[in-house]
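Derivation of every value follows stated rules applied to the coordinates shown; laboratory data play no part. Quick caveat: nothing in here was measured; it's all calculated off a predicted structure. We place every Cβ from the backbone using ideal geometry, glycine too, and count neighbours over all the protein chains shown.
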Amino acid sequence: MPKGVLTISSRNYSSWSLRGWMICKGAGIDFAVKTLPAGDPNARAELLHLSPSFLVPKLEYDGVEVWDVLAIAEFLNEIKPKSNLLPTDRATRAHCRAICGEMHQGFVNLRSALPMNIKGHYPGFKVWAGAQTDIDRVLSIWRGCLQAYGGPFLFGERPTIADAMYTPVCSRFRTYDVKLDAPCAAYRDKMLSARSVQEWTAAAMEEPEELEELDVEF
């Protein structure tokens, strides 16, 4: 029986659930997944951005219950210190935490204008100025990290929580046909081809359509 349980909402629409999944995968823990029905209040609050505080994803592990992806990441980094969830160098670790925090609390225009939708694909999608400013900042973070640490991940040769935090943006960029320069496109493709993301995507493609509010006609 798995030692942990990760509670998520939608695989297709929930960027936060994907982040929690990738962090748990990166830590190498044994865990099962519990998916809340679309009508569950916590699931709807998270998917429809109806609350500033969400209870999904939530991890129950070894008698501990923790929610919020950064809290989950810090908890797993404590119990699995060799998992490389955070860089070992102090300055690099601080940098990693900073860009994770920026994704955690920012990029509101990007989230609103380009909602998570793994099944969707909108070639030639028009990105307005507010969202473009957020996109430019994300790409600046990616370029800075890839140049400073040599890639192929944001902080070097192994993925960290930063890659988990920015993977849903990679998915959004593919869904909405966002044009990227070669280094950023290579990073996007690297993350979307990861085994854990492929596993998540396959399950998302099989997910029933349950939230009409999230299927916007473009």
* Gain on full stretching of the segment that runs from residue 79 to residue 3 - 0.36 nm per residue minus C-alpha separation -> 26.1 nm
* How about residue 179: which lysines have a C-alpha closer than 30 Å to its C-alpha, ignoring those fewer than 8 places off in the same chain? -> 25, 119, 126, 190
* Asked: GNM, the chain, Cα, under 10 Å: largest mean-square fluctuation among 67, 128, 16?
  -> 128
* Structure fact -> By the mean-Cβ-within-10 Å protection proxy, highest first, 70-76, 80-86, 104-110 rank as 70-76, 80-86, 104-110
* Asked: For residue 186 and residue 157, what is the calculated FRET efficiency with R₀ set at 22 Å and r taken between the beta-carbons, to the nearest 0.05?
  -> 0.90
* Highest-fluctuation residue, 195, 174, 97 considered, GNM on the chain with Cα pairs under 10 Å -> 195
* Structure fact -> Ordering 1-7, 19-25 by per-residue average of other C-beta atoms within 10 angstrom, highest first, gives 19-25, 1-7
* **Beta bridges by DSSP in the chain, antiparallel share as percent, to the nearest 5** => 65 percent
* Hey, in the GNM for the chain with a 10 angstrom Cα cutoff, which one of 208, 183, 37 fluctuates hardest? -> 208
